[in-house]
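Enquirer: Handing you a structure now.
The values are calculated or read from the model by the stated rules, or taken from the named source; none is laboratory data. For clarity, every value in this text was computed on a predicted model and none was experimentally measured. Backbone-built Cβ (ideal geometry, glycine too); neighbour counts: all protein chains shown. With ligands, DNA and RNA removed, areas are computed over all heavy atoms of the protein, side chains included. Shrake-Rupley method; radii C 1.70, N 1.55, O 1.52, S 1.80 Å.
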Amino acid sequence: MVGSLLMRGMLIGVLAGLVAFGFARIFGEPQVDLAIAFEEQMAATEAAQAPAGDQPAMEETDEGLPGRGTQAGLGLITGLVVYGAAVGGIFALVFAFAYGRLGAIGARGLSAVLALAAFASVVLVPLLKYPANPPAVSLDETIGARTTLYFVLLVLSVGGMALAFALARRLLAQHGTWNATLIASAAYVAFITVVLIAMPTINEMPAGFSPDVLWNFRISSVGIQIIIWAVIGLGFGVLAERVLGEFRGSARLAGSYR
Amino acid sequence: MSDITFAPAHQPVAIPIAEVLPWAIFGGLLLMIAIYFVGAEEGATSLISGMYIHEFVHDGRHLLGFPCH
Ligand SMILES: [Zn+2]
């Protein structure tokens, strides 16, 4: 049961990754290329000003590493498909746990609600503080701090969302679905507001970086995530409904023989 | 067949925790490792030496919103 849900989650995640690749290729890659062009121009200016011995060790590490063609093609599709399959699988596991424990909502509805909650907590909240950045706008030496802050916010956001669902579940019987959802959502928003205010801001934007490229990059990054979560949320429910329908049928049958 | 058609349609039956848990632990762990390789390997932390994985999934890492360069 759980295994077959997991497999379907990963399968729909692969599909989500493929659709996202099409979108990323058309809308995301041109912005990445523009950012890299800016980065190279910046590096060239720096190299021209720096003394000869002071060159950054960038060029010599390039040997044998994937070039731009691979990065924008096979690398991009691999990254998106692996990510899609992984989040699709984790989504299926969360679904398997939540199903039948959040009131009378059916498989398709639950899948859509969970995907919306996942999008809010995994994508929307982290990007409010640490938005997606194209190449060239972050400093290499701060990657440790930036990675830590990003994942701390991600864990707090997803953990807060899980607590919000637990709260909604406790309030369900007494306040009904609508009010329970409103109260739990308000609690999540209040918690996240405090977290977002408390966490340090990062701003390493180099002077002269095109605001258009930044905006277009970020909007296509959000577009990719919307596609991934929409495909998973809407697609997984349909697949899960069939699996669970069989389950209900066999459970009833088994019960009648008892 | 009629028994299924006329039964109360949406009364979802929860899957027992004992059945979900092993999948959640082992599956969840493996899938999170997969996300780690797309999102963070050879950035702040490195399990495999070199920069091949980082460079290979590089565009996806940026576009998915993970911290990079
Ligand atoms: Zn990068």
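Enquirer: With all protein chains present, how much of the accessible area of the protein assembly as shown (probe radius 1.4 Å) comes from carbon and sulfur, to the nearest whole percent?
Expert: On the way: 11780 of 16930 Å².
Here it works out to 70 percent.
Enquirer: Going by amide H atoms built from the backbone, whose H comes under 5 Å of the H on A:Arg101, apart from near neighbours?
Expert: The list, which skips near neighbours in sequence, is empty: none.
Enquirer: Another question, then. Distance between Cα centroids, segment A:105-142 to segment B:28-64: provide it in whole Å.
Expert: 17 Å
Enquirer: Then there is this: How large is the convex hull of the C-alpha atoms of chain A per residue, in Å³?
Expert: Details: hull volume 38.7 nm³, N = 258.
It is 150 Å³ per residue.
Enquirer: Can you give the mean number of other chain Cβ atoms that lie within 10 Å of the Cβ atoms in peptide A:64-76?
Expert: Details: counts 4, 7, 9, 1, 2, 0, 4, 8, 3, 1, 1, 8, 8.
Rounded to a whole number, the mean comes out at 4.
Enquirer: Still on this structure, please answer the following. Rank these by accessible area, largest first, 1.4 Å probe: A:Arg170, B:Arg61. All intermediate terms of the calculation are to be shown ahead of the outcome.
Expert: Numbers: A:Arg170 205, B:Arg61 0 Å².
Largest to smallest exposure gives the sequence A:Arg170, B:Arg61.
Enquirer: Could you report the buried accessible area between A and B, both sides summed, computed with a 1.4 Å probe and given in Å² to the nearest 100? Provide the component values of the computation, followed by the final result.
Expert: On the way: alone 15250 and 6090 Å², together 16930 Å².
Accessible area lost upon association: around 4400 Å².
Enquirer: Additional query: Across peptide A:132-141, how many C-beta atoms of other chains are within 10 Å of each residue C-beta, on average?
Expert: Working: counts 8, 6, 5, 5, 1, 3, 4, 1, 3, 0.
Taking all residues of A:132-141 together, the mean is 4.
Enquirer: How high is the relative contact order of segment A:16-156, in percent, with contacts defined as C-alpha pairs under 8 Å that are six or more residues apart?
Expert: Numbers: 47 pairs, mean separation 53.8, N = 141.
Once normalised by length, the contact order is 38 percent.
Enquirer: Moving on. For Cα pairs less than 8 Å apart in space and 6+ apart in sequence, what is the mean separation divided by the residue count of chain A, i.e. the relative contact order in percent? Can you show the working numbers first?
Expert: On the way: 240 pairs, mean separation 101.7, N = 258.
Rounded, it is 39 percent for chain A.
Enquirer: Count charges around A:Asn179 for me, please; just the other residues with Cβ under 15 Å from its Cβ, Lys/Arg as +1, Asp/Glu as -1.
Expert: On the way: positive: A:Arg169, A:Arg170; negative: none.
With Lys, Arg at +1 and Asp, Glu at -1, the neighbours total +2.
Enquirer: Would you mind getting the accessible area per residue of the protein assembly as shown, heavy atoms of the protein chains only, 1.4 Å probe, in Å²? Please report the intermediate quantities before stating the final value.
Expert: On the way: 16930 Å² over 327 residues.
Ligands and nucleic acids excluded, the figure is 52 Å² per residue.
Enquirer: What average number of partner chain Cβ atoms lie no more than 10 Å from the Cβ of the residues making up B:38-46?
Expert: Details: counts 8, 8, 4, 0, 0, 5, 9, 4, 0.
Per residue, the average neighbour count from other chains is 4.
Enquirer: I've got another one for you. Per the helix-only calculation at 222 nm, which mean residue ellipticity applies to chain A, given -39500 (n - 2.57) for every DSSP H run of n ≥ 4 and division by its residues, nearest 500 deg cm²/dmol?
Expert: Mean residue ellipticity at 222 nm (helix-derived): -25500 deg cm²/dmol.
Enquirer: May I ask you to evaluate 6.51 cos²θ - 1.76 cosθ + 1.60, the Karplus curve with θ = phi - 60°, for each residue of segment B:21-33 and list the ³J(HN,Hα) values in order in whole Hz, giving x for glycine and proline?
Expert: 4, x, 5, 5, 5, 6, x, x, 5, 4, 5, 5, 5
Enquirer: Taking Cα atoms of segment B:17-64, Rg/Rh with Kirkwood Rh, to two decimals? Kindly include the intermediate steps, with their values, before the conclusion.
Expert: On the way: Rg = 13.7 Å, Rh = 12.0 Å.
We get a ratio of 1.15 for segment B:17-64.
Enquirer: Among B:Gln11, A:Leu149, A:Pro66, pick out the residue whose Cα is farthest towards the positive end of the charge dipole of the protein assembly as shown, where Lys and Arg carry +1 and Asp and Glu carry -1 on C-beta, about the Cα centre.
Expert: B:Gln11
Enquirer: Still on this structure, I have one more. Under a Cβ-only charge scheme (Lys and Arg +1, Asp and Glu -1), can you give me the dipole magnitude of chain A about the Cα centre, in debye to the nearest 20?
Expert: Numbers: 14 positive and 16 negative charges, 480 e Å.
I would put it at about 2300 debye.
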